[in-house]
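Following: one structure in structure tokens, then a few remarks.
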């Protein structure tokens, strides 16, 4: 407790970890709902994606609301909402509708926690080296994203009442963190009026610019397309060959995929600093390779290649995320950075709908053909990213030559 009192950023970091935990705890339970409640893969995939419906508006609004009312005023109800959302998901044992409602509510909680929580950790880490606060926040949230599905998968596989106990674990965790984080000291200004004073001239927002939509946006959905293929699609493809431990296998795959994405982010920042644009291109290369491995898994119907695919797709998730955030930071002026980052994150979460699209298409076409289409989309996106990067490099070289003495 003394450590938390001396380092208040830890309390907010624990909050981000606990909220992140709940965000993905649902993924391994999809197989449980399909088996116990006889829901189709299409329905459970739609439940998985329903999270985004709540997340997107909350993500866009929370930063501005935190600027008006302060981080603590936003985070306190978010922590309560996270517990309520898990409670609603727990009721999904008896009601299919509760699963949809719970996922949307948890999307709101996650979206509302991300921007104010990250900024709060940064401000509470002001006495540390530059960039320390951002890394602390990102690692805390990512560790929760990874730990939640791993633990819920193991709990759901080998302990009784999986649709109840998995969420009960999170509610207990969130309750403890809420007590610890409730009195964290407020930081920063509680008004965003300064932006209007400092930038009185109305200019086109970076998030509406052609440079953003042509150069950064096309690859953004592949962040969570990579992750969701590994978390949701592949466990369903091979469930027959892991029937005795399919839920645990799904949780392990989630931990492996998201863990790879977390571990690769730090070296990726170094690569991107030395050669801007290379990280997104490398991430899209991993998206192609991971999609090809998923196609091969569907052809052989065995699970041995699935962990390899999970690692490659996890690398794609981490690399495209870092590449996109770094590109946004280069493109957007400081007073537009928060909102541009929020728009970028919204585009990344479009990838959560990929399992629903795949589950719908496989009702009419063979799985291999559908996954082949995913490979084609990855190749086309990579080609666009490569061509756009070359065009930008030539433009910068031309600009440099015209300004040279």
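At-a-glance table
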quantity	calculated
Qualifying residue in region 32-40 (condition: surrounded by 24 or more Cβ atoms within 10 Å (Cβ to Cβ), part of a helix (DSSP H, G or I) and modelled with pLDDT under 90)	no
Count of region 207-236 residues which are surrounded by fewer than 20 Cβ atoms within 10 Å (Cβ to Cβ) and in a helix (DSSP H, G or I)	7
Total residues in region 364-392, condition closer than 15 Å to residue 298 by Cα and either in contact with a helix residue (DSSP H, G or I) (Cβ under 8 Å, 6 or more places away or on another chain) or touching a residue at least 40 places away in the same chain (Cβ under 8 Å) (or both)	8
Any hit, region 283-304, residues being surrounded by fewer than 19 Cβ atoms within 10 Å (Cβ to Cβ), outside the structural domain of residue 154 (by TED's automatic domain parsing), within 29 Å of residue 60 (Cβ to Cβ) and touching a helix residue (DSSP H, G or I) at 6+ places or on another chain (Cβ under 9 Å)	no
Pair list, Cβ < 6 Å and 6+ apart or interchain, from region 72-91 residues that are within 17 Å of residue 14 (Cβ to Cβ) to residues that are modelled with pLDDT under 95 and outside any helix (DSSP H, G or I)	72/186
Within region 93-198, helices (runs of 4 or more DSSP H) holding 1 or more residues that are at pLDDT below 85	96-124, 132-158, 193-198
Some residue of region 47-68 being in a loop (DSSP other than H, G, I, E, B) and crowded, with 20+ Cβ neighbours inside 10 Å	no
Residue count, region 273-282 (criterion: surrounded by fewer than 24 Cβ atoms within 10 Å (Cβ to Cβ) and assigned to a helix (DSSP H, G or I))	5
Which listed residue, of 32, 52, is in the same structural domain as residue 172 (by TED's automatic domain parsing) and either closer than 20 Å to residue 153 by Cβ or touching a strand residue (DSSP E or B) at 6+ places or on another chain (Cβ under 7 Å) (or both)	32
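The values are calculated or read from the model by the stated rules, or taken from the named source; none is laboratory data. Computed from a predicted structure; not experimentally measured. Backbone-built Cβ (ideal geometry, glycine too); neighbour counts: all protein chains shown.
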